[in-house]
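Right, one structure below, let's go through it.
The values are calculated or read from the model by the stated rules, or taken from the named source; none is laboratory data. Just so you know, these numbers come straight off a predicted model, no measurement behind them. Note that each Cβ is placed from the backbone with ideal geometry, even for glycine, and that neighbours are counted across all protein chains shown. The protein model used for the area step is the full one, side chains on, heavy atoms only, and it has no ligands, DNA or RNA in it. Shrake-Rupley method; radii C 1.70, N 1.55, O 1.52, S 1.80 Å.
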Amino acid sequence: MTRITFHHAAVVCRSRETADRFYGDLLGLRAVKERVLDESLAEEIFEIRQSCVFLRYEGKGLAVEVFLVEDAGRKGPRFEHLGVEVEDQKAFLSRCESAGVKVKRIRRGEKILAFVDDGDGNLLEIKQSPR
């Protein structure tokens with residue numbers, strides 16, 4: 001059987017500033033690539049006739065491609081999200097709140113599910129890494 005490993009996740013953000021603030025500053029990833037996805041390739045891959053810039057952030061075992069689309073918005077129900085582990089969930093969530101990031105905590109019995117919004121509607125589930 002072929003071994004499959006996670007390579008990257010892709011999200012849409014409205015601006016480089018919001019992407020840098022969340023994926024760079026809060027998650028501690030570094031921007032390693034900036035390219036333009038031209039209109040013809042976007043149409044061929046995604047059936048979207050629109051060019052856009054995309055950024056790639058990497059670090060801490062996580063790679064995220066961020067497509068910059070100024071008029072990006074939420075359409076219909078969305079279940080997609082990224083799941084990440086952090087060393088200190090409580091401290092990270094506190095840092096997010098201090099930075100004005102929306103944090104959602106959902107109690108499930110003894111457990112707390114935690115999600116943050118990157119400012120552009122992309123959800124990240126924040127899990128405590130095993131100690």
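In this structure, does GLU85 turn out to be open to solvent by less than 100 Å² (accessible area, probe 1.4 Å), assigned to a strand (DSSP E or B) and closer than 21 Å to PHE6 by Cα?
Answer is no for this residue.
Looking at segment 88-131, which of its residues are in a loop (DSSP other than H, G, I, E, B) and out of contact with any strand residue (DSSP E or B) (no Cβ under 7 Å at 6 or more places or on another chain)?
Result: ASP88, ALA99, GLY100, GLY109, GLU110, GLY119, GLY121, PRO130, ARG131.
If a residue must be open to solvent by less than 70 Å² (accessible area, probe 1.4 Å) and part of a helix (DSSP H, G or I), how many such residues does segment 15-36 contain?
7
Kindly establish whether GLU58 is open to solvent by 100 Å² or more (accessible area, probe 1.4 Å), touching a Leu at 6+ places or on another chain (Cβ under 8 Å), of a type outside the set (S, T, N, Q) and modelled with pLDDT of 90 or more.
Answer is no for this residue.
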